[in-house]
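Heads up, the thing below is written out as structure tokens.
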Amino acid sequence: MVSILVACASGIATSATVAAKVQKMLDEKGVPAILKAVELSKVEDYVKRGAADIVMPVVKTDVDFGIPTFSGMAFLTGMGEQKVFNELVETINTIDLNK
């Protein structure tokens, strides 16, 4: 199953809210994925361990994590949400979990 990290400064409030919303949207579409809210400072560790397929920061960052990255702000503000969601689903469907 695809693993998505939703990251904010503390990994508690904002990222948890966005993770729950996106999880519900994916579940309603039958798209298998697990979302986890984390601190932005921990994302690189998760990626290095292979514990993430996609990153969704809810804060501005210029870091290239080396895996698909989507802005979580769309799910917080609602602006451009459907477009980002559609792109997210397309990306999830292209990830090869057997690598």
Restricting attention to region 24-45, report how many residues are surrounded by fewer than 18 Cβ atoms within 10 Å (Cβ to Cβ), in contact (Cβ under 8 Å) with a residue 12 or more places away in the chain, over 11 Å from the mean Cα position of the chain (by Cα) and closer than 23 Å to residue 82 by Cβ. 4
Residues of region 1-18 being out of contact with any strand residue (DSSP E or B) (no Cβ under 8 Å at 6 or more places or on another chain) and surrounded by fewer than 17 Cβ atoms within 10 Å (Cβ to Cβ), in sequence order, are 13
So is residue 55 modelled with pLDDT of 95 or more and within 14 Å of residue 19 (Cα to Cα) or not? yes
Residue pairs meeting the criteria (Cβ under 7 Å; at least 6 apart or on separate chains; first within 21 Å of residue 49 (Cβ to Cβ), in region 3-21; second aromatic (Phe, Trp, Tyr) and surrounded by 14 or more Cβ atoms within 10 Å (Cβ to Cβ)): 5/46
Go through the residues of region 33-46 one by one and say whether even a single one is over 15 Å from residue 5 (Cα atoms) and either of a type outside the set (A, V, I, L, M) or part of a helix (DSSP H, G or I) (or both). no
In region 37-50, how many residues are of a type outside the set (Gly, Ala, Ser) and closer than 12 Å to residue 8 by Cβ? 5
Take region 54-77 and flag every residue that is assigned to a loop (DSSP other than H, G, I, E, B) and touching a helix residue (DSSP H, G or I) at 6+ places or on another chain (Cβ under 8 Å). 58, 59, 61, 63, 65, 66, 67, 68, 70, 71, 72
Give me the pairs: first residue in region 78-93 and part of a helix (DSSP H, G or I), second residue β-branched (Val, Ile, Thr) and modelled with pLDDT of 95 or more, beta-carbon distance under 6 Å, and six or more apart or on different chains, which are they? 89/31; 92/2; 92/31
Taking the conditions exactly as written (of a type outside the set (Gly, Ala, Ser), over 15 Å from residue 67 (Cβ atoms) and surrounded by 14 or more Cβ atoms within 10 Å (Cβ to Cβ)), does residue 21 satisfy them or not? yes
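The values are calculated or read from the model by the stated rules, or taken from the named source; none is laboratory data. Because the structure is a prediction, the values reported are computed rather than measured. Here Cβ is always computed from backbone atoms with ideal geometry, including for glycine, and neighbour counts include all displayed protein chains.
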